[in-house]
Amino acid sequence: MKLLKLFIALNLSITLGIITPLSANAAPKVVEQVAAVVNNNVILESDVNDMLKTIKASSDPKNLPNDKILRQQIIERLIIENLILQKAAKAKITVSDDEVTDAINRIAAENGMSIDQLRSRLSMMRISYGAYRERIHNDMLIDKTRMHEVRSRVRISEKEIENLAKNIARQPTNNIDVKISHILISVPEKASKQQIDNATNKARDIINRAQKGESFAKLATSYSNDDFALKGGSMGWRKLNELPTIFEERLVRATKGSIIGPIRSGVGLHILKVDDTRSEAPRTFTIEEVNARHILIKTNVLVTDQIAKQKLSDIRKSITSGATTFEAAAKANSEDTGSASKGGNLGWNRPEIYDNSFRTALIQLKKGEISQPIKSAYGWHLIQLIDKRKADGTNAMNKDQAYRLIFNRKFSEEAQVWIQEIKGDAYIKITGEDKHE
């Protein structure tokens with residue numbers, strides 16, 4: 001995360017005002033105006049004005065609409081953030097002070113700064129460190145809540161992963177990255193024909209204006225109904241396969257500068273601009289695999305850690321003295337029903353699949369060596385490394401990539417639907433000059 005981007009986002013935080021009655025002797029206080037009501041919370045005019053100033057100070061003026069339109073977009077953004085923070089409170093989702101401190105330390109390090117230098121930079125920009133921490137806290141809480149609420153809605157089958165992994169392996173087009181900008185014209189779930197026609201006409205008008213050379217960033221900031229609106233619609237670099245399928249089919253042959261749309265989805269009409277493209281050659285990937293076997297003793301009310309550990313120490317002595325073999329000892333003693341009948345053999349696997357303590361002990365062994373008793377989440381183990389080998393991990397890499405791409409695509413789609421749902425279930429009232437249809 002670049003520091004500039006963080007400063008741009010800094011004043012997006014929602015400050016909830018509490019108005020207290022004046023006492024007889026108290027000095028008059030300025031009562032802040034309310035820009036919007038979101039369930040039992042409010043968004044203050046000062047929140048909107050702070051964000052407006054920040055965006056105008058850090059953006060190219062030619063990419064910004066007039067203040068009235070910009071304020072409307074800001075209020076929409078703050079409403080969504082407020083709703084998500086309300087969801088976090090209801091679900092008791094939290095972000096600790098330590099997590100915020102770690103995040104700020106990473107941000108400072110990524111920008112080549114110490115914390116003291118970051119504080120100084122903030123001070124020069126007239127931003128208090130406390131406000132900065134609050135912004136980072138809210139950003140992290142929003143991200144955590146979105147993940148918590150949306151992740152369970154994402155369903156990915158093994159067949160989907162296999163099919164995409166095969167496509168990645170055989171089709172060069174799947175190694176295309178696209179840098180795109182996006183405009184969403186939202187359409188209600190049960191929209192009337194008139195609403196759909198109005199949204200379609202609006203989308204076509206935007207496309208026509210973009211094709212005639214009007215700034216796409218300005219159009220996105222003015223009209224888009226998604227999270228990228230205040231970034232001029234910029235979605236940055238994306239793998240083609242992590243984008244919604246309806247986008248992928250239109251982008252696969254698109255060239256730089258293309259304006260694409262309108263594309264209809266369940267949440268509305270989409271307009272895309274191809275800012276740039278790049279591709280990479282298919283890659284091969286080598287992994288290390290280990291062939292190991294183990295003996296597992298589980299603990300319970302009768303078998304304590306000390307008893308399990310001592311039993312495995314005795315078994316190890318019997319094996320190393322030649323009184324028995326590892327295979328025979330595993331068949332006689334191991335409580336891992338899946339491997340005991342095979343002499344404890346676990347077969348060839350990547351070390352990453354094992355429990356952390358098991359894996360740590362395993363990768364330190366030499367060929368043929370037997371570990372000391374090791375405790376894992378499953379019990380106590382004796383581990384023997386049978387062999388190691390280098391293997392072609394390209395298929396595994398492609399499957400990992402396929403899962404991430406499918407997850408990102410489906411998560412993005414579900415997140416849009418979720419936002420529409422929580423807005424639909426909320427009481428939202430925009431007041432004053434910014435009230436609009």
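The values are calculated or read from the model by the stated rules, or taken from the named source; none is laboratory data. All values derive from a computational prediction rather than experimental measurement. With ideal geometry, Cβ positions are generated from the backbone for all residues, glycine too; neighbour counts draw on all protein chains shown. These area figures cover heavy atoms from the full protein model, side chains too; ligands, DNA and RNA do not enter into them. Shrake-Rupley method; radii C 1.70, N 1.55, O 1.52, S 1.80 Å.
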**Message:** Please count how many residues of the range 96-120 are of a type in the set (Lys, Arg) and either open to solvent by less than 70 Å² (accessible area, probe 1.4 Å) or closer than 18 Å to ASP139 by Cβ (or both).
**Reply:** 1
**Asked** In the range 409-422, what residues are touching a residue at least 40 places away in the same chain (Cβ under 8 Å) and either farther than 13 Å from ASP226 by Cβ or open to solvent by 70 Å² or more (accessible area, probe 1.4 Å) (or both)?
**Response** ARG409, LYS410, PHE411, GLU413, GLU414, ILE422
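Each row is one residue, and each column tells you yes or no for (1) touching a Ser or Thr at 6+ places or on another chain (Cβ under 8 Å); (2) hydroxyl-bearing (Ser, Thr, Tyr); (3) in a helix (DSSP H, G or I); (4) at pLDDT below 90.
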position: TRP348; (1), (2), (3), (4): no, no, no, no
position: LEU362; (1), (2), (3), (4): yes, no, yes, no
position: LEU365; (1), (2), (3), (4): yes, no, no, no
position: ASN408; (1), (2), (3), (4): no, no, yes, yes
position: GLU437; (1), (2), (3), (4): no, no, no, yes
**Message:** Looking at ILE353, ILE406, ILE370 in this structure, which one is exposed (fewer than 15 other Cβ atoms within 10 Å of the Cβ) and aliphatic (A, V, I, L, M)?
**Reply:** ILE353
**Request:** Tell me, please, whether a residue that is at pLDDT 90 or above and not in a helix (DSSP H, G or I) can be found in the range 51-74.
**Result:** no
**Request:** Of all residues in the range 239-262, count the ones that are in contact with a helix residue (DSSP H, G or I) (Cβ under 8 Å, 6 or more places away or on another chain) and either farther than 19 Å from PHE411 by Cβ or in contact (Cβ under 8 Å) with a residue 60 or more places away in the chain (or both).
**Result:** 13
**Prompt:** If you go through the range 222-258, how many residues are part of a strand (DSSP E or B) and more than 23 Å from ALA199 (Cβ to Cβ)?
**Reply:** 4
**Message:** Of the conditions (1) modelled with pLDDT of 90 or more; (2) farther than 18 Å from SER59 by Cβ; (3) surrounded by 20 or more Cβ atoms within 10 Å (Cβ to Cβ), ASP197 satisfies every one except a single condition; which number is it?
**Reply:** (3)
**Fill in**
When the range 259-309 is checked residue by residue, the ones that are in a helix (DSSP H, G or I) and of a type in the set (S, T, N, Q) are GLN306
**Message:** Looking for something open to solvent by less than 10 Å² (accessible area, probe 1.4 Å), under 30 Å from ASN167 (Cβ atoms) and in contact with a strand residue (DSSP E or B) (Cβ under 7 Å, 6 or more places away or on another chain) - is there at least one such residue anywhere in the range 212-222?
**Reply:** no
**Message:** As an exercise: evaluate ASN66 against (1) open to solvent by 30 Å² or more (accessible area, probe 1.4 Å); (2) more than 23 Å from ASP139 (Cβ to Cβ); (3) in contact (Cβ under 8 Å) with a residue 24 or more places away in the chain; (4) of a type outside the set (D, E, K, R) and give the number of the one condition it does not meet.
**Reply:** (3)
